[in-house]
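One structure below.
The values are calculated or read from the model by the stated rules, or taken from the named source; none is laboratory data. Just so it is clear, the structure is predicted and the values come from calculations on it, not from any experiment. Using ideal geometry, Cβ is built from the backbone for each residue, glycine included, and neighbour counts are taken over all protein chains shown.
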Amino acid sequence: MKWPGFMAGEVLRHVSQKPTTVLYPFEKVEMPEAFRGKIRFLAERCVGCKLCQKDCPSGALTIDKVGDKRFEAVFQLDRCIYCAQCVDSCNKDAIESTPEFELATLDRSTLRVVFHAPEPPPGPAEPEPPAAAKPSATVP
Ligand code: SF4
Ligand code: SF4
């Protein structure tokens with residue numbers, strides 16, 4: 001059993017300290033670097049292996065091929081548990097965790113987030129039409 005005097009000392013020590021909480025949402029703290037918040041997909045890095053999709057424990061993520069070497073991702077943020085397993089599974093660094101965590105909404109449909117594939121590269125330039133044939137000089 002602790003001495004009452006010890007408890008009083010603890011109370012006094014905490015009274016003189018700054019609070020460890022902030023007045024959220026009016027005050028915000030910076031999230032630590034390794035924080036696992038909203039997921040971001042970098043489509044230009046994706047090779048479509050679908051490892052992230054297979055490893056996601058909550059079925060919150062699908063990768064779809066939408067063109068030649070072009071993939072888009074659909075995240076169901078209302079299913080996501082922010083475990084960042086998809087980030088670890090991707091060996092192309094095509095998925096990242098962000099510090100964003102304020103995702104509460106009254107409209108659940110907004111939690112379906114589609115990251116579109118980049119635009120396809122422009123095709124080969126159209127060949128120039130042949131120059132109009134010059135009229136040949138006529139010999140009188
Ligand atoms: S693991 Fe990475 S490269 Fe593979 S499909 Fe997922 S995001 Fe794309
Ligand atoms: S963070 Fe976890 S739950 Fe969310 S999409 Fe990635 S693997 Fe799935």
Please enumerate the residues belonging to segment 19-46 that are touching a residue at least 24 places away in the same chain (Cβ under 8 Å) and among the acidic types (Asp, Glu).
-> 30, 44
Some residue of segment 118-136 being at pLDDT below 95, more than 16 Å from ligand 2 (Cβ to nearest atom) and either surrounded by 13 or more Cβ atoms within 10 Å (Cβ to Cβ) or part of a strand (DSSP E or B) (or both) = yes
Taking into account only those residues within segment 33-57 that are crowded, with 16+ Cβ neighbours inside 10 Å and charged (D, E, K, R), which is nearest to residue 101 (Cα to Cα)?
-> 38
With criteria (1) at positive phi; (2) within 14 Å of the chain's Cα centre (by Cα); (3) away from ligand 2 (no atom under 11 Å from the Cβ), residue 84 comes up short on (3)
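Per-residue answers, yes or no, for (1) in contact with a Pro (Cβ under 6 Å, 6 or more places away or on another chain); (2) within 14 Å of ligand 2 (Cβ to nearest atom):
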{"residue": "18", "(1), (2)": "no, no"}
{"residue": "22", "(1), (2)": "no, no"}
{"residue": "35", "(1), (2)": "yes, yes"}
{"residue": "49", "(1), (2)": "no, no"}
{"residue": "57", "(1), (2)": "no, yes"}
{"residue": "61", "(1), (2)": "no, yes"}
{"residue": "68", "(1), (2)": "no, no"}
{"residue": "90", "(1), (2)": "no, yes"}
{"residue": "111", "(1), (2)": "no, yes"}
Output for Cβ contacts, cut-off 7 Å, separation at least six or different chains, first residue on the phi > 0 side of the Ramachandran plot in segment 90-110, second within 16 Å of ligand 1 (Cβ to nearest atom), reads 93/45
Of the residues in segment 58-95, those that are within 10 Å of ligand 1 (Cβ to nearest atom) and in contact with a Gly (Cβ under 8 Å, 6 or more places away or on another chain) come to 63, 65, 71
